[in-house]
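These notes are about the structure you will find just below.
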Amino acid sequence: MTMKAAILWGSELSPYTLKIQALLEYAKVPYRLLPANGKRIENLEIQARIEVAKFTGMVTRFPVMSDLDEYPLVPYLTEDGRHFQFDSTAIAHWLDSQKGGGGSSRVNVSFFPKSPALRFLATLIDDAMDEFGLYMVHHMRWVTSATSNNAGARLAREFKHILPMGARWLVAKQFSERQASRLPYLFSVAPEGRRWQVKESLQPPSIAYWPESHSLLNNAWLTYLSAMESLLEKQPYVLGAHFTIADASIYGQLSMNLKDPAAANLLKEVAPLTYDWLCGIRDGKHVLIDAVDDEWKITPQTISAFKPLLDIVMQTYSSLMVQNSRAYDSYKRGGQTVFNEKGFDQQKALYDGELMGEPFRSVVKTFQVRVWQDICDTWQDLNVEDQDSLKSFISQWELFEH
């Protein structure tokens, strides 16, 4: 297969696909989004190639794989149709490693600041949105927009050139039902007795004797938006004047709800600056600004801008990762081998915790153990001066040392 542009195999319903699109567009890497923009034969061929690549070890996470990694359903990126990459953040690192090596197809951008302290902040916010942000926006789609979203139909439309004839209605139905049923795995547990005006198979589920987490996620979503509003009043992007991995990750998650009617309307009402910012990135306005590493510096102004965002990141993401990692260590010592969604389905590797003063119950997720290990290792690699600088405005920084 001769590749004229990279192929991004994904869906607009995936926040990680949206994140990678923003990265590719900013780096001016030509790409095609499949299966939405592909014909049947091409789509079937790429789908088959992905499965073969998984079997032959040609699907990788840059720079190295880990035993804690899991292949996602989407997205995957390929330049040659044989080697595939997954994980949106890893792809951002790969793009950084390629800068200057792609001729006219790439500009000399960097998604991660050279400054170790700023690089740490960008990575922390990126991880927080990828891991905890997903819970919030999935909740907003399948709970807040439960009676108005058409995500299943949109997915079926994207995959129409790969589905058997007449199967679109079934895919739309099954996808919506599956996503609604997965809400508790993705941290969203309904209060017992609460009913929505949707058919039974789409009811956001509760679990007997589990604490409800809808109020926790609603409050967290509003707090994240409030932090973004405060930030965008002072500067155009999270770390200042330029688009980084932190912006791409926030965009990927929050923009997922732009096509979920009730959630989108609420977002526009409570966070108009953030809504316009998301629409601007969606429309490609972020690609008009070139990154200059020398301009990324921690100043009192930037601290004032992004401190509210860092505060809620530490209250939610970092606290959750510590609790998840401790539960993982405890279960591993006890010989437990089943985690993640399989563990949830079997009601194994469950643990109880607290976030923002609210109780929750969840299943241990091994891929989050890796993410947290990486951020803690990055913290430990910082010199004392950079650590002291970050400690002056990151609440609960002690979590990185556990």
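What follows is calculated from the coordinates using simple rules that are stated; it is not laboratory data. Keep in mind that this is a model prediction, so the values were computed, not measured. Using ideal geometry, Cβ is built from the backbone for each residue, glycine included, and neighbour counts are taken over all protein chains shown.
A few comments on the model shown:
- Of everything listed in (1) farther than 21 Å from VAL313 by Cα; (2) charged (D, E, K, R); (3) out of contact with any Asp or Glu (no Cβ under 8 Å at 6 or more places or on another chain), the single unmet condition for ARG154 is (3).
- Qualifying position, being touching an Asp or Glu at 6+ places or on another chain (Cβ under 8 Å), surrounded by fewer than 24 Cβ atoms within 10 Å (Cβ to Cβ) and among the polar types (S, T, N, Q), among SER201, SER226, SER213: SER201
- Subset of region 333-365 [of a type in the set (S, T, N, Q), under 20 Å from the mean Cα position of the chain (by Cα) and surrounded by fewer than 20 Cβ atoms within 10 Å (Cβ to Cβ)]: ASN340
- For region 41-60, the count of residues that are polar (S, T, N, Q) and not in a helix (DSSP H, G or I) is nonzero.
- So ASN265, is it crowded, with 20+ Cβ neighbours inside 10 Å and assigned to a helix (DSSP H, G or I): no
- Subset tally (residues that are in contact (Cβ under 8 Å) with a residue 40 or more places away in the chain and either closer than 26 Å to ASN150 by Cα or assigned to a helix (DSSP H, G or I) (or both)) for region 231-260: 17
- Looking across region 230-252, just one residue is touching a Pro at 6+ places or on another chain (Cβ under 6 Å) and surrounded by fewer than 24 Cβ atoms within 10 Å (Cβ to Cβ), and that is SER230.
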